[in-house]
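The values are calculated or read from the model by the stated rules, or taken from the named source; none is laboratory data. These numbers were taken from a predicted model, which means no experiment stands behind them. When we count neighbours, we look across all protein chains shown, and the Cβ atoms used for this are built from the backbone with ideal geometry, even at glycine.
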Ligand code: NDP
């Protein structure tokens, strides 16, 4: 019996690698996205993964979108909260719009997505929730008070939800990637990457999206049933907490 997995932001970057890896393991995957129809259509054509468009910062949109996934594929057994954005700026210049956009998309989305699926997971005595935080939620980052606060919030959310659901067969874990070779990081000038960023990473390279995806596949598996509330750093040794 193949399980149903939702990957938010599952059509590009790290999320696309997660969607593909879960599909390769036999899951029925629903990959969500926000607005980039072209990338989503290309991803669907290349992979055959079902794509769904809704805004994870809206609770009502999540309730409606998840109901559609359940109607199409069946009850949600694996949820990967991966969708995220940056709106960087020093706090003394940050606008309320920058602050709320990041908090709503990167933190409130965890409530919006988990709340509609958690009761079903508890009733069925099985569930796997994997949240994608960031190294910058662990250590803080200049110019990212909004992002660091949201990503640190994801870690606290994970630990609390893990405690609430451990006895019900539902595990909740969080992965904190470091610098991963996605479009976002590829946009950084080559010399900045080579002179300023990669020297800070002890393994001396960027991470690949597939390296995060493999960790998700493991945490989603039956074999990971004793692991809950854990924070997995995947950052090439850049920050050890
Ligand atoms: P990308 O920008 O490559 O992809 C983001 C995905 O999230 C897209 O599919 C996008 O949809 C979707 N998305 C964004 N906002 C929303 C929204 N409001 N509702 C629904 N979907 C949304 O991101 P990355 O792959 O680089 O990052 C993925 C996650 O990993 C993020 O949470 C990020 O913070 C985290 N991370 C990334 C690191 C990196 O080095 N790349 C390092 C540490 C953490 P659309 O295509 O429509 O825009």
Criterion (surrounded by fewer than 24 Cβ atoms within 10 Å (Cβ to Cβ), assigned to a helix (DSSP H, G or I) and touching a helix residue (DSSP H, G or I) at 6+ places or on another chain (Cβ under 6 Å)) met by exactly one of 137, 153: 153
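Conditions (1) more than 16 Å from the ligand (Cβ to nearest atom); (2) under 15 Å from residue 83 (Cβ atoms); (3) in contact (Cβ under 8 Å) with a residue 12 or more places away in the chain, marked per residue:
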site	(1), (2), (3)
113	no, yes, yes
124	yes, no, yes
128	yes, no, yes
136	no, no, yes
150	no, yes, yes
155	no, no, yes
170	yes, no, yes
176	no, no, yes
Check on residue 110, under 24 Å from residue 52 (Cβ atoms), touching a helix residue (DSSP H, G or I) at 6+ places or on another chain (Cβ under 6 Å) and surrounded by 19 or more Cβ atoms within 10 Å (Cβ to Cβ): yes
Within the stretch 182-209, which residues are within 12 Å of the ligand (Cβ to nearest atom), surrounded by 14 or more Cβ atoms within 10 Å (Cβ to Cβ) and either modelled with pLDDT of 95 or more or in a helix (DSSP H, G or I) (or both)? 184, 185, 193, 197, 201, 206, 207, 208, 209
Out of all the residues in the stretch 118-132, is one or more touching a strand residue (DSSP E or B) at 6+ places or on another chain (Cβ under 9 Å) and assigned to a loop (DSSP other than H, G, I, E, B)? yes
For the stretch 1-46, the count of residues that are surrounded by fewer than 20 Cβ atoms within 10 Å (Cβ to Cβ), closer than 18 Å to residue 58 by Cβ and in contact with a helix residue (DSSP H, G or I) (Cβ under 6 Å, 6 or more places away or on another chain) equals 0
Filter result for residue 170 (under 22 Å from residue 64 (Cα atoms) and touching a strand residue (DSSP E or B) at 6+ places or on another chain (Cβ under 7 Å)): no
Have a look at 79, 22, 73, 91 and point out the one that is in contact (Cβ under 8 Å) with a residue 40 or more places away in the chain and either within 13 Å of the ligand (Cβ to nearest atom) or over 26 Å from residue 118 (Cα atoms) (or both). 91
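Is it the case that some residue within the stretch 59-67 is crowded, with 18+ Cβ neighbours inside 10 Å, within 12 Å of the ligand (Cβ to nearest atom) and within 16 Å of the chain's Cα centre (by Cα)?
Taking every residue of the stretch 59-67 in turn, at least one turns out to be crowded, with 18+ Cβ neighbours inside 10 Å, within 12 Å of the ligand (Cβ to nearest atom) and within 16 Å of the chain's Cα centre (by Cα).
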